[in-house]
1. Within the stretch A:19-50, what residues put their amide N at less than 13 Å from the label point 7 Å along the Cα-to-Cβ vector of residue A:88?
2. With labels modelled as points extended 7 Å from the Cα through the Cβ direction, what inter-label distance (nm, one decimal) is found for residue B:150 paired with residue B:67?
3. Relative to the present Cα-Cα distance, how much length would full extension add between residue A:99 and residue A:124 at 0.36 nm per residue of separation?
4. To the nearest whole number, what is the average tally of beta carbon atoms from other chains within 10 Å of the beta carbons of peptide B:50-61?
5. Per residue of B:100-113, what is the mean number of Cβ atoms on other protein chains within 10 angstrom of that residue's Cβ?
6. Summarise the partner chain shielding of A:101-111 as one whole number: the mean count of Cβ atoms from other chains within 10 Å of each residue's Cβ.
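None of the figures in this text is laboratory data; all of them are computed from the coordinates on show. Just so it is clear, the model here is predicted, and its values are computed rather than measured. Note that each Cβ is placed from the backbone with ideal geometry, even for glycine, and that neighbours are counted across all protein chains shown.
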């Protein structure tokens, strides 16, 4: 949603309002033989502001936007309003949470969730007889 | 708009869909009422513009794009962003069949323009890319900067 609005961002007051809004990051999510791969857009997030957590059956990705903005700046036009990203995904039993791998580069988070060994696809040979 | 709800000659679900459609178009009209270059919600990249007494700052949310992946062009006070974001999934070796659950991220070529305040000085532009955000700082023209006016007692 885009709006044009003159909003004065003063010190902590404006920053507080900005940080309170949570953004839902756009994701690509797919699965192949090896497991599930998640790619999330979180521009402005550096590794010190990133959190990737696996709780029982849930994957939670969170990131704090760390873009420096001067205190005396007035917002003229804001399409992205919010100070943090957050999204939760339900994990199924066939994924191995201990083998999760995550990397962050240029504001893009990549998470790989391999399948447990028992759930890897196995080719079944059909014997003819 | 509400009169239409009483038209029961159409199936009830159709009436709700039409009301939703009318609300959607009214909403869209409100959003489109601004500058024709203002994007819809699915534009890429998203842009924020701020202003200080001395400069105009543009924040371009371009995740996955390095500094050389976006072309910036300034014509007067019109800033144009142009570039291409490839599908990262293509880099991943395919292990068997791939099932897609979500495909929300933008891929492909993008080009959008943003109208900036006329107070900017096109010769004083600085752009920096970090963590998927390109910060562009453009200084304001000397005569546009705030200046103190002395009030003398008569």
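1. Answer for this model: none.
2. The answer from the label model is 4.4 nm.
3. Between residue A:99 and residue A:124, full extension yields 6.4 nm more.
4. On the way: counts 11, 7, 6, 4, 2, 2, 2, 6, 2, 8, 2, 9.
The shielding value for this peptide is 5.
5. Taking the mean over all residues of the peptide, I get 3.
6. The per-residue average across the peptide is 4.
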